[in-house]
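Worksheet: the structure to be examined is printed underneath.
What follows is calculated from the coordinates using simple rules that are stated; it is not laboratory data. Just so you know, these numbers come straight off a predicted model, no measurement behind them. Neighbour counts run over all protein chains shown; Cβ positions are idealised from the backbone, glycine included.
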Amino acid sequence: MGEKGFSVRTAEYKGTILVNMCDEELVGRTVSEGKLKVHLSKDFYSGEVVNGGEALRLIRTCSIVNLAGTRSVMLAVSNSVGAAEAIREIEDVPFLMIYKFSG
């Protein structure tokens, strides 16, 4: 079998591009910590499955990115797009949100 992909949904709003991305095998999973529950829903994360090169291109070119899963988060951090200090883990699933400001 080939490399596992990244499940991605993109949206455009007023000239900004939002990317929601997670490791494809996590789509549909719910993780929780105390009263906090996060559902990695198909509605939020599914649009298409892309490879690592395309996932990195999307992370680099979007305005806002919501990442979930070890591979997705590490792709951003290892390419200096996100900071390791900003990662939040819930049930061993890392999450990272990146907002890019220009001006």
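Tabulated values for the structure
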{"item": "Two-site label geometry, residue 57 and residue 83: point separation in nm, points 7 Å out along Cα→Cβ", "result": "3.0 nm"}
{"item": "Reachable lysines, given that their alpha-carbon falls under 29 Å from the alpha-carbon of residue 14 and they are not under 8 places away in the same chain", "result": "42, 100"}
{"item": "Placed amide H near residue 5: partners under 5 Å, 5+ positions off or other chain", "result": "24"}
{"item": "Alpha-carbon Debye profile of the chain, log10 I(q)/I(0) at 0.11, 0.14, 0.24 Å⁻¹", "result": "-0.30, -0.50, -1.38"}
{"item": "Rounded FRET efficiency, nearest 0.05, which uses the C-beta distance separating residue 64 from residue 30 and R0 of 22 Å", "result": "0.40"}
{"item": "Highest average packing first - 30-36, 19-25, Cβ atoms within 10 Å", "result": "19-25, 30-36"}
{"item": "Under 15 Å, Cβ to Cβ, from residue 68 - net charge with Lys/Arg +1 and Asp/Glu -1", "result": "-1"}
{"item": "Hz values of 3J(HN,Hα) by residue in the stretch 74-84 - Karplus curve (6.51, -1.76, 1.60), Gly and Pro given as x", "result": "5, 4, 5, 5, 5, 9, 6, 9, x, 9, 4"}
{"item": "³J(HN,Hα), Karplus 6.51/-1.76/1.60, whole Hz, each residue of the stretch 32-38, x for Gly, Pro", "result": "9, 8, x, 7, 7, 10, 10"}
{"item": "From phi via Karplus (6.51, -1.76, 1.60), per-residue ³J(HN,Hα) for the stretch 49-59 in Hz, x at Gly/Pro", "result": "10, 10, 7, x, x, 5, 4, 5, 4, 5, 4"}
{"item": "Cut-off under 5 Å, modelled amide H: who pairs with residue 62 long-range", "result": "none"}
{"item": "Helix-only mean residue ellipticity at 222 nm for the chain, each DSSP H run of n ≥ 4 adding -39500 (n - 2.57), per residue, nearest 500", "result": "-6000 deg cm²/dmol"}
{"item": "Under 15 Å, Cβ to Cβ, from residue 49 - net charge with Lys/Arg +1 and Asp/Glu -1", "result": "-1"}
{"item": "For the chain, with +1 on Lys and Arg beta carbons and -1 on Asp and Glu, the positive-most of 79, 63, 39 along the dipole", "result": "63"}
